[in-house]
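Input: a single structure, listed below in structure tokens.
The values are calculated or read from the model by the stated rules, or taken from the named source; none is laboratory data. Everything numeric in this text was worked out from a predicted model, so none of it was measured. Cβ atoms come from the backbone with ideal geometry, glycine included; neighbour counts cover every protein chain shown. The accessibility values were calculated without ligands, DNA or RNA, using every heavy atom of the protein model including side chains. Shrake-Rupley method; radii C 1.70, N 1.55, O 1.52, S 1.80 Å.
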Amino acid sequence: NDGSVTATPVDAYDSEYLCPVSIDGQILALEFDSGSSDLWVFSTSLPLSQQKGHVIFDPSKSKNWKALSGYTWNITYGDKSGASGTVGTDVVTVGGTSVSGQAVEIATQVSSQFVSDTANNGLLGLAFSSINTVKPQKQKTFFDLAKPSLSSPVFTADLKHHAPGTYDFGTINSAKYTGAITYTNVVTSKGFWEFTGSGYAVGNGSFVSSSIDAIADTGTTLIYLPDAVVTAYYQQVSGASYDSSQGGYTFPCSATLPNLTLGIGSYRAVVPGQYINYSPRGSKCFGGVQSNTGIGFSIYGDVFLKSQFVIFDGSSTPRLGFASK
Ligand SMILES: O=C(CNCc1ccccc1)Nc1scc(-c2ccccc2)c1C(=O)NCc1ccccc1
């Protein structure tokens, strides 16, 4: 039972993309996150003050809800946001793909970043189940549970710049990309869709071969790269500088930004310069490419992913596929 669901940007900056998910008939907009592995939702178990403005899941209204007594979860993201709570299982449907016995993690507490992001009613994790946070027994992701019922064990991301895109489960729709798909091996030891990029080029500059340890992360907005790449990029942007008060590189909003080419094997993925003007911040504009210092690896987030058609291949040898579109 393959499925396809629309991924809608939540704001003018494509800071996140939300998809409608049905939990036994209750429909919530969730953020699909290939950088984490918990499916959690705003719930009636939250303090009313934290529920305000959100669409709330009410397990008491679900016929298929089965509480998992004594099970808890607790997740913290790199930006120090987080949530925690209790767990049950229910029927979860995304597009045409339906899964029963899906662990749905009920929030009893969420951090302020989630409270204020009223469009976001929770996350649907699409990284590997090894990093699910449920205790005493970690739970499987929607993709892992859906896999056996899919035509092929894959999902694809076709995110778009300032426009709705799609996630497809079970099929690779050849109408959504041009040219050949380049596949690259994935290392799953950290639980992420982790691969090694082959280098970079700034604008029309020559390609610099270098191994870049990176993850494909639909839940992270920007691209986080090694300092060597980031400084080389912003050297080509007049008026750009690192602004510690803004926590990253900014530049005059009138700047013309060069494209950034990121190598994946012999494939050259081109991120249009305009995608790298992320958003106005203070009197300048904040860059969509930032340093990966403190993270431990690079993150190819939405600014990158929306320039590509991406295949998350969950076969016995997981791999990532990239194609132009
Ligand atoms: O955590 C994720 C994927 N989930 C992103 C997400 C979605 C909704 C709300 C909050 C977060 N990806 C990864 S892997 C590694 C990190 C990381 C980032 C910075 C420091 C240390 C680790 C992150 C992450 O936190 N991504 C989101 C993010 C937010 C702000 C700045 C950078 C990255």
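Residues of region 112-122 that are crowded, with 18+ Cβ neighbours inside 10 Å, assigned to a loop (DSSP other than H, G, I, E, B) and of a type outside the set (S, T, N, Q): Asp117 alone.
Would you call Tyr200 within 16 Å of the ligand (Cβ to nearest atom), surrounded by 15 or more Cβ atoms within 10 Å (Cβ to Cβ) and hydroxyl-bearing (Ser, Thr, Tyr)? Considered against the rule, which asks whether it is within 16 Å of the ligand (Cβ to nearest atom), surrounded by 15 or more Cβ atoms within 10 Å (Cβ to Cβ) and hydroxyl-bearing (Ser, Thr, Tyr), Tyr200 comes out as no.
Among the numbered conditions (1) in contact (Cβ under 8 Å) with a residue 12 or more places away in the chain; (2) more than 16 Å from the ligand (Cβ to nearest atom), the only one that Val186 does not meet is (2). When region 240-257 is limited to residues that are in contact (Cβ under 8 Å) with a residue 40 or more places away in the chain and small (Gly, Ala, Ser), the one that is most open to solvent (accessible area, probe 1.4 Å) turns out to be Ala240. Specify the residue that is farthest from the chain's Cα centre (by Cα); the eligible residues are those in region 286-325 that are open to solvent by 10 Å² or more (accessible area, probe 1.4 Å) and among the aliphatic types (A, V, I, L, M). Step by step, filter region 286-325, then rank; the result is Ile295. Restricting to region 163-180, count the residues that are open to solvent by 20 Å² or more (accessible area, probe 1.4 Å) and part of a loop (DSSP other than H, G, I, E, B). Summing the residues that are open to solvent by 20 Å² or more (accessible area, probe 1.4 Å) and part of a loop (DSSP other than H, G, I, E, B) in region 163-180 gives 4. Report yes if some residue within region 89-111 is closer than 25 Å to Gly247 by Cβ and either open to solvent by 10 Å² or more (accessible area, probe 1.4 Å) or over 18 Å from the mean Cα position of the chain (by Cα) (or both); otherwise report no. Yes. The numbered conditions (1) under 14 Å from Ile311 (Cβ atoms); (2) among the aromatic types (Phe, Trp, Tyr); (3) over 16 Å from the mean Cα position of the chain (by Cα); (4) open to solvent by less than 60 Å² (accessible area, probe 1.4 Å) are all true for Tyr183 except (4).
When the residues of region 130-140 are filtered to those that are out of contact with any Lys or Arg (no Cβ under 6 Å at 6 or more places or on another chain) and of a type in the set (S, T, N, Q), the one that is nearest to the ligand (Cβ to nearest atom) is Thr133.
Every residue, every condition in (1) touching a residue at least 24 places away in the same chain (Cβ under 8 Å); (2) open to solvent by 10 Å² or more (accessible area, probe 1.4 Å); (3) within 16 Å of the ligand (Cβ to nearest atom), yes or no:
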residue	(1), (2), (3)
Leu124	yes, no, yes
Phe128	yes, yes, yes
Phe142	yes, no, yes
Leu145	yes, yes, no
His161	yes, yes, no
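Would you mind listing the strands (runs of 3 or more DSSP E) fully within region 14-86 where at least 1 residues are within 16 Å of the ligand (Cβ to nearest atom) and acidic (Asp, Glu)?
Working: elements: 17-23, 26-33, 39-41, 66-76.
Once the strands (runs of 3 or more DSSP E) in region 14-86 are filtered for at least 1 residues that are within 16 Å of the ligand (Cβ to nearest atom) and acidic (Asp, Glu), what remains is 26-33.
Could you tell me whether any residue of region 228-236 is modelled with pLDDT of 95 or more, within 16 Å of the ligand (Cβ to nearest atom) and surrounded by fewer than 20 Cβ atoms within 10 Å (Cβ to Cβ)? Within region 228-236 (the criterion being modelled with pLDDT of 95 or more, within 16 Å of the ligand (Cβ to nearest atom) and surrounded by fewer than 20 Cβ atoms within 10 Å (Cβ to Cβ)), the answer is no, since none of the residues qualifies. Each residue in region 21-34 was checked for being in contact (Cβ under 8 Å) with a residue 60 or more places away in the chain and either open to solvent by 10 Å² or more (accessible area, probe 1.4 Å) or closer than 25 Å to Tyr278 by Cβ (or both), and 8 of them qualify. Identify the residue in region 258-285 that is open to solvent by 20 Å² or more (accessible area, probe 1.4 Å) and either aliphatic (A, V, I, L, M) or free of Cβ contacts under 8 Å to residues at least 12 places away in the same chain (or both) and, among all such residues, is farthest from Ala323 (Cα to Cα). Across region 258-285, the extreme among qualifying residues is Ser283.
Is it the case that region 267-275 has a residue that's among the basic types (Lys, Arg) and under 30 Å from Gly170 (Cα atoms)?
Keep residues of region 267-275 that are among the basic types (Lys, Arg), which gives 268.
Among the residues that remain, those that are also under 30 Å from Gly170 (Cα atoms) are: 268.
Scanning region 267-275, I find at least one residue that is among the basic types (Lys, Arg) and under 30 Å from Gly170 (Cα atoms), so the answer is yes.
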